[in-house]
Amino acid sequence: MSQQTSKSTTGNEMPSYWDDQQVDHFITSEAHTKKKTPEQFRETHVDIDRIQADFLTPLGISDEFVTQEDVLNAITASHLEDPNRIFILRGEPGSGKSQLCEWVKYQINGYGEGDEGMEDRVALHVSRSQTQMDQILDVLTEPLDVDPDVRNIEGSDPYDLANPIVGLLRGYWSTELLSDEELEELTAERDDGTDLRDIFAENISDYQEALSSRDENPEFNLITRSDYRELHLSLSSGKKLRDNKEIIFPALKKQAHEYLSKNLVGDFKEQLQEYSELYQDKDVRPTLICEDLTTFSVLKEQLLDHIFELSSSSYDIVLGWTIGWEQDNIDDALARQNAAEYMEGRSEGKLTLTDEKGEAFFLDDDASVALARSYLDAIKRNSDIESAPEEVEEAFDNLYPFNERFIHVAFRQLNDEGSSRKTPRLLLLRVVKHCLKSSWPPYEAMKSNSFVDTPMLEIDATYDQIYRDISRWYGVELDNGIGVKTEVLDTFGIPFSESDNISVKNEYAIFEKGQWSGLNPREKPPVPDHQVDEKPEEDDENEDEDVSKEGKSDDDKQDSEEDKKQDELTDEQRERQRKIQEFQDWVTSGESYPSSDTLHDGAVATLERWHEPTRLSNPNASTRSVGGIYFARGDSIPVSIQGDQQRQASIDIELEWGSDNADLYTTILKFGLYEVYDPQTANFDQLRAWADTNVAQFKYEMREEIENCLPSELDIEKTLVLAQCFLINSARGVEFEDGGIPPELVFEEYDSNQPYGKPVSEHFDRDSAFGQAFSDLTMSSSDISDLIEGLFLLKKNVVDYERLSEARRDISNDPQAHVDAALMIDTADLADAYKVGTTRNKANTKLSSLLDRISDYAAELDRLTVEEDASHIQEALEPVERWYDSSHTVDDLAEWFETLYECAGAVDVPIKPSYENAYETLTESPEEVKLSAFIDDVEQFQNMEDTTGMTLIARLHDFARSQHEQDAWDIYEAFDSLIEDLQEKDHATGADLEHRIKQLSEYSDYEQKRQKILSVTEDL
């Protein structure tokens, strides 16, 4: 037969020297397959020499690792008539249970053709794939001249199987657990709800369907606990069923299974005993190998009942199941509590193939290579295709299209849908078969393999993608870099030259190590020693090459154990490696970055090392605990990762992927991983420059976003100085037209308490528009003060005059223009993330709210008018304007007031307290009446036309101050009121007034007083 040539290769296709059909033949989801001959099994088997033995009684072993030979020796240490001896075998799916069971079978039965095995023993191996009853009974009886009558669950009508079970339960189940009436109700057929027939039939149907499409053996149960719950809820005796469920449920399930098994195969326990006796008659000790207990479906309860009654027969039994099965099923299967303890107590051995993480104990780096090599050799040997050239196989460590490094890495990177399970099946199916069936080279095929995490990149990020890809899988660590054999590159058609920053030495193309070297100590799996400068001597062979494994000393074994521990990754290292690999894929190729939080955290820490990145204040200041504007969205600085955490905020500091950034980002990533910078490798100048640039840009964008809501006449500084002017103007009536704005006024604390009162808050109703705007602004006075200190102080009590001068100058030059500008503040598009505070955590005031309050106050200030908002001043001026003359002196006022005071008494005008107070001031404290200063104030209040809002507020203060300091206001008001009272008395008519005048003792006296009043008013 002529050999076919290898598949042609174009582009990135690889030369393949195997037949895909042979790949499918040898690598399946089951270790046991009828397609694989005994010889093919032997040539692909790798010794399973690391099995955890909780105990192995025949060998006197407890809590140690044992080999497959130890297990075989323990199993076959029995005599013909010994009672049942049970060995429990546990492990994760694909961990080698089936392989070990198959190997034990061949050791006992032999491989055939000259290897007949053990003459006084026979292995009865029920594999996972043998689920039909006839298959199981055939295995048990094949060495015997027995033809059992068997009926299978598969192909039977579910109700044809369910109805007899219910009938037997009703008629023959004798139990003290239920009364006859309760049993009758339990087994009754109901049209209005689910009954036992429906439950049994539905579960049989589900099992049949699962068998036809299964990947693994389905668990068979005629009734589940949820079925039992649904059943007892519908029965009048349900309370009893519920209260005694731990007794009744397993008993009911066991009895139902027993009836079904009798219907299918007869009395299985009797048959097991009968077969045992037949084997004894033949002087043969049977070893029953049940690699997966669930295979026995309905028979497992009877199997367990029989074999754990140790004296019932004479079998050596290997009883296998998947770890975790016993937790949920063992008690029900044996219909007893603490069944696991009971089974262990009656077993000869308890063996486990995997650790708590699901990793096979025996499958270390050497075993993984041996496993891959055995299958590759078998596949190639049985393929009708030309072999790979000798130099190719040699370059690939005789593992083409892999090498030892590739298998090591792939094994360590196995990821079974998020779990860390590492089993032979996963390695063969998810790595070896995946790559052999692909037309792409393995380093390309693995990119689409979700079961294997991408390994770390070891070479520099600036290398082309093809070099980065192949070095991940085939590169070995050398003293001067990462080496890939030139023959490997040639085989895959990858061109290279020393001009590509690749050095060539002997058989290796050597790439420079990347910036991530040492990111995860001990993360790399061990690789064989690779020497570049010299080749091993031909005669330098191991003199002990022929020494068997059994000849290894205890020290050798201990060293091997220690080496394995050193090779293994801790969970922390494994997680760190995953993050590093994802970072490398992102920074070099822009791929998705699920663990980008690590880089994000490192970037945040780097920015915060030298800056408060989200704080907008005086960039030259060293002050602490003063106000600033913060971009406070979320709980950290808005750093985005291009393509992953991109644009999470309106502005951010973005990390863009690209090889040019790899050095910088790797240093940042190190901090994210370890929360400390490596002083040996960290380039702090580079980090500081990156932080300075990005923080400056971020703060520029902060300012730009904020000032977009301000009119062109205002910026942040001017707006705050204007707000401070509003506050000081309202607090004590300061005006700013003349002499500018003193620096100390900008830092003055708002305090509305003045000796003359609080003219603004007292004059305006709090519920009025101006009153509300004024109240809101004053509530923000501390925020305004804190921000002013943050923007205009270099350090405590040291003012940044240069920064402050422009705002002071511009506002004082035209205050009203800036008030008008403040009306145009529009914060509708300003993000709520902008907040005011002394720290980021204490930034609670929205900047938009503060700016709105400034704008609202400016609007209400602009609406103030003299007519409406200073009418009380106009009213106070009226008496003065009516009676005041520049020739008046205090003595004149005192004399005139005395005359009016006497007249008031004469004509019976009531003397008001204000009259008395005015008269007392003029007569007893005339020095307190300062008419010259008073008239200056009066003139000021008489000239209030075209007054602006801030000027009007200042006049309110001036008026309140003048009233507080000048008694003349009260005196003229008293004059006006007293004269008005006297004039009203003079002009009044009516009987009462005439009567009272006539009652005067002397009418002439009255007329005399009247003339005096007229004379005084004329003088005034």
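For GLY112, which of the numbered conditions (1) touching a residue at least 12 places away in the same chain (Cβ under 8 Å); (2) touching a Phe, Trp or Tyr at 6+ places or on another chain (Cβ under 7 Å) fails to hold?
For GLY112, the exception is condition (2).
In region 196-207, which residues are crowded, with 19+ Cβ neighbours inside 10 Å and over 14 Å from ARG225 (Cα atoms)?
ARG197, ALA201, ILE204, TYR207 - these are the residues of region 196-207 that are crowded, with 19+ Cβ neighbours inside 10 Å and over 14 Å from ARG225 (Cα atoms).
Quick one: in region 575-590, of everything that is acidic (Asp, Glu) and within 19 Å of the chain's Cα centre (by Cα), which residue is farthest from GLN515 (Cα to Cα)?
Per the criteria, the residue is GLU575.
Quick check: anything in region 714-728 open to solvent by 60 Å² or more (accessible area, probe 1.4 Å), of a type in the set (Phe, Trp, Tyr) and either outside any loop (DSSP other than H, G, I, E, B) or at pLDDT below 90 (or both)? Outline the logic, then answer.
First pass over region 714-728, keeping only residues open to solvent by 60 Å² or more (accessible area, probe 1.4 Å): none.
So far as region 714-728 goes, no, none of its residues is open to solvent by 60 Å² or more (accessible area, probe 1.4 Å), of a type in the set (Phe, Trp, Tyr) and either outside any loop (DSSP other than H, G, I, E, B) or at pLDDT below 90 (or both).
Applying the selection to region 866-922, what residues are open to solvent by less than 30 Å² (accessible area, probe 1.4 Å) and under 28 Å from ASP765 (Cβ atoms)?
VAL866, ASP869, ALA870, ILE873, ALA876, LEU877, PRO879, VAL880
For every residue, the table says whether it meets (1) among the polar types (S, T, N, Q); (2) free of Cβ contacts under 8 Å to residues at least 60 places away in the same chain; (3) over 30 Å from GLU802 (Cβ atoms).
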{"residue": "LEU722", "(1), (2), (3)": "no, no, no"}
{"residue": "PHE726", "(1), (2), (3)": "no, no, no"}
{"residue": "ALA731", "(1), (2), (3)": "no, yes, no"}
{"residue": "GLU735", "(1), (2), (3)": "no, no, no"}
{"residue": "LEU745", "(1), (2), (3)": "no, yes, no"}
{"residue": "GLU748", "(1), (2), (3)": "no, yes, no"}
{"residue": "ASP751", "(1), (2), (3)": "no, yes, no"}
{"residue": "LYS758", "(1), (2), (3)": "no, yes, yes"}
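Which residue, of THR322, THR287, is at pLDDT 80 or above, open to solvent by 10 Å² or more (accessible area, probe 1.4 Å), touching a Lys or Arg at 6+ places or on another chain (Cβ under 8 Å) and within 21 Å of GLN135 (Cβ to Cβ)?
Unique residue meeting the criteria: THR322.
Need a quick list: helices (runs of 4 or more DSSP H) entirely within region 355-453 having at least 1 residues that are surrounded by fewer than 17 Cβ atoms within 10 Å (Cβ to Cβ) and at negative phi. Can you show your working first?
Details: elements: 365-381, 390-395, 404-412, 442-445.
Result: 365-381, 390-395.
Exactly one of these conditions fails for LEU519: (1) assigned to a helix (DSSP H, G or I); (2) open to solvent by less than 10 Å² (accessible area, probe 1.4 Å); (3) in contact (Cβ under 8 Å) with a residue 24 or more places away in the chain; (4) not acidic (Asp, Glu). Give me its number.
(1)
Exactly one of (1) under 30 Å from ILE979 (Cβ atoms); (2) open to solvent by less than 20 Å² (accessible area, probe 1.4 Å); (3) among the polar types (S, T, N, Q) is unmet by SER848. Its number?
Condition not satisfied by SER848: (1).
Just give me the residues in region 744-760 being farther than 17 Å from SER962 by Cα and open to solvent by 30 Å² or more (accessible area, probe 1.4 Å), in sequence order.
GLU744, PHE747, GLU748, GLU749, TYR750, ASP751
Within region 761-809, which residues are open to solvent by less than 50 Å² (accessible area, probe 1.4 Å) and more than 20 Å from ILE716 (Cβ to Cβ)?
PHE764, SER768, PHE770, GLY771, ALA773, PHE774, SER775, THR778
Return the residues of region 468-481 that are at pLDDT 90 or above and under 22 Å from GLU391 (Cβ atoms); say none if nothing qualifies.
ILE470, SER471, TRP473, TYR474, GLY475, VAL476
Could you list, ordered by first residue, the pairs with Cβ atoms under 8 Å in which the first is in region 369-395 and farther than 23 Å from LYS485 by Cβ and the second is surrounded by 14 or more Cβ atoms within 10 Å (Cβ to Cβ) and among the aromatic types (Phe, Trp, Tyr), at least 6 apart or interchain?
ALA378/PHE26; ASN382/PHE26; SER383/TYR17; SER383/TRP18; ILE385/TYR17; ILE385/TRP18
Hey, does region 892-910 have a residue that's more than 60 Å from the chain's Cα centre (by Cα), in a loop (DSSP other than H, G, I, E, B) and more than 19 Å from GLN983 (Cα to Cα)?
Step one: of region 892-910, the residues more than 60 Å from the chain's Cα centre (by Cα) are 892-910.
Those left that are additionally in a loop (DSSP other than H, G, I, E, B): 907-910.
Going one step further and asking which of them are more than 19 Å from GLN983 (Cα to Cα), we end up with none.
Checked region 892-910: no residue is more than 60 Å from the chain's Cα centre (by Cα), in a loop (DSSP other than H, G, I, E, B) and more than 19 Å from GLN983 (Cα to Cα).
Being exposed (fewer than 12 other Cβ atoms within 10 Å of the Cβ) and at pLDDT 75 or above is the filter here; which residues of region 981-998 pass it?
If the condition is that a residue be exposed (fewer than 12 other Cβ atoms within 10 Å of the Cβ) and at pLDDT 75 or above, then GLU984 is the only one that fits.
Which one is farthest from ILE651 (Cα to Cα), of the residues in region 817-831 that are open to solvent by 50 Å² or more (accessible area, probe 1.4 Å) and in contact (Cβ under 8 Å) with a residue 40 or more places away in the chain? Talk me through it step by step, then tell me what you get.
If we filter region 817-831 for residues that are open to solvent by 50 Å² or more (accessible area, probe 1.4 Å), which is where we start, we get 820, 823-824, 826, 828-829.
Okay, now just the ones that are also in contact (Cβ under 8 Å) with a residue 40 or more places away in the chain, so 820, 824, 826, 828-829.
On the way: ASP820: 30, MET824: 24, ASP826: 19, ALA828: 17, ASP829: 13 Å.
If we take residues in region 817-831 being open to solvent by 50 Å² or more (accessible area, probe 1.4 Å) and in contact (Cβ under 8 Å) with a residue 40 or more places away in the chain, then ASP820 is farthest from ILE651 (Cα to Cα).
Given (1) open to solvent by less than 20 Å² (accessible area, probe 1.4 Å); (2) farther than 30 Å from GLU274 by Cα; (3) of a type in the set (Gly, Ala, Ser), where does ALA188 come up short, assuming only one miss?
ALA188 satisfies every listed condition except (1).
Would it be correct to say that VAL907 is farther than 21 Å from MET950 by Cα and β-branched (Val, Ile, Thr)?
yes
Collect the residues in region 792-845 that are outside any loop (DSSP other than H, G, I, E, B), among the acidic types (Asp, Glu) and under 18 Å from ALA723 (Cβ atoms), keeping them in residue-number order. Break it down stepwise before answering.
Of region 792-845, the ones outside any loop (DSSP other than H, G, I, E, B) are 792-795, 798-799, 801-813, 815-822, 834-837, 845.
Pick out the ones that are also among the acidic types (Asp, Glu) and you get 802, 806, 810, 820.
Once the filter is applied, which keeps residues that are outside any loop (DSSP other than H, G, I, E, B), among the acidic types (Asp, Glu) and under 18 Å from ALA723 (Cβ atoms), region 792-845 yields GLU806, ASP810, ASP820.
Looking at region 124-143, can you tell me whether even one residue there is open to solvent by less than 20 Å² (accessible area, probe 1.4 Å) and more than 29 Å from GLU270 (Cα to Cα)?
There is no residue in region 124-143 that is open to solvent by less than 20 Å² (accessible area, probe 1.4 Å) and more than 29 Å from GLU270 (Cα to Cα).
Quick one: in region 454-471, which of the residues that are outside any loop (DSSP other than H, G, I, E, B) and touching a Phe, Trp or Tyr at 6+ places or on another chain (Cβ under 7 Å) is farthest from THR354 (Cα to Cα)?
We begin by selecting, within region 454-471, every residue outside any loop (DSSP other than H, G, I, E, B); these are 459, 465-471.
Adding the requirement that they be touching a Phe, Trp or Tyr at 6+ places or on another chain (Cβ under 7 Å) leaves 459, 467, 469-471.
Numbers: ILE459: 34, TYR467: 36, ASP469: 32, ILE470: 32, SER471: 31 Å.
The selected residue is TYR467.
Enumerate the pairs (first residue in region 844-857 and modelled with pLDDT of 95 or more and among the charged types (D, E, K, R); second residue anywhere and surrounded by fewer than 19 Cβ atoms within 10 Å (Cβ to Cβ) and outside any loop (DSSP other than H, G, I, E, B)) with beta-carbon separation below 7 Å, excluding pairs fewer than 6 apart on the same chain, so at least 6 apart or on different chains.
Between residues of region 844-857 that are modelled with pLDDT of 95 or more and among the charged types (D, E, K, R) and residues that are surrounded by fewer than 19 Cβ atoms within 10 Å (Cβ to Cβ) and outside any loop (DSSP other than H, G, I, E, B), the close pairs are ARG853/ASP776; ASP856/ASP776.
Just for region 208-252: of the residues that are of a type in the set (Asp, Glu) and either at pLDDT below 80 or not in a helix (DSSP H, G or I) (or both), which one is surrounded by the fewest Cβ atoms within 10 Å (Cβ to Cβ)? Give the derivation first.
Step one: list which residues in region 208-252 are of a type in the set (Asp, Glu), which gives 209, 215-216, 219, 227, 230, 243, 246.
Next cut, either at pLDDT below 80 or not in a helix (DSSP H, G or I) (or both) only: 215-216, 219.
Details: ASP215: 9, GLU216: 14, GLU219: 16.
Once the filter is applied, the top-ranked residue is ASP215.
Could you check region 148-167 and list, in sequence order, the residues that are among the small types (Gly, Ala, Ser) and either touching a Lys or Arg at 6+ places or on another chain (Cβ under 7 Å) or at pLDDT 85 or above (or both)?
Filtering region 148-167 down to residues among the small types (Gly, Ala, Ser) leaves 155-156, 162, 167.
Across region 148-167, the qualifying residue is only ALA162.
Exactly one condition in (1) buried (at least 17 other Cβ atoms within 10 Å of the Cβ); (2) under 29 Å from the mean Cα position of the chain (by Cα) is false for ASP678; which is it?
(1)
Can TYR259 be described as part of a helix (DSSP H, G or I), farther than 30 Å from ALA123 by Cα and under 55 Å from the mean Cα position of the chain (by Cα)? Walk me through it before giving the result.
Values: part of a helix (DSSP H, G or I): yes; farther than 30 Å from ALA123 by Cα: no; under 55 Å from the mean Cα position of the chain (by Cα): yes.
So TYR259 fails the test.
Report, by residue number, each residue of region 923-939 that is surrounded by 14 or more Cβ atoms within 10 Å (Cβ to Cβ) and over 18 Å from GLU898 (Cα atoms).
Once the filter is applied, which keeps residues that are surrounded by 14 or more Cβ atoms within 10 Å (Cβ to Cβ) and over 18 Å from GLU898 (Cα atoms), region 923-939 yields LYS930, LEU931, PHE934, ILE935, ASP937, VAL938.
The values are calculated or read from the model by the stated rules, or taken from the named source; none is laboratory data. A quick note: this is a predicted structure, and the numbers were derived from the prediction, not measured. Cβ atoms come from the backbone with ideal geometry, glycine included; neighbour counts cover every protein chain shown. When the accessible area is computed, the model is the full protein with side chains, heavy atoms only, and any ligands, DNA or RNA have been set aside. Shrake-Rupley method; radii C 1.70, N 1.55, O 1.52, S 1.80 Å.
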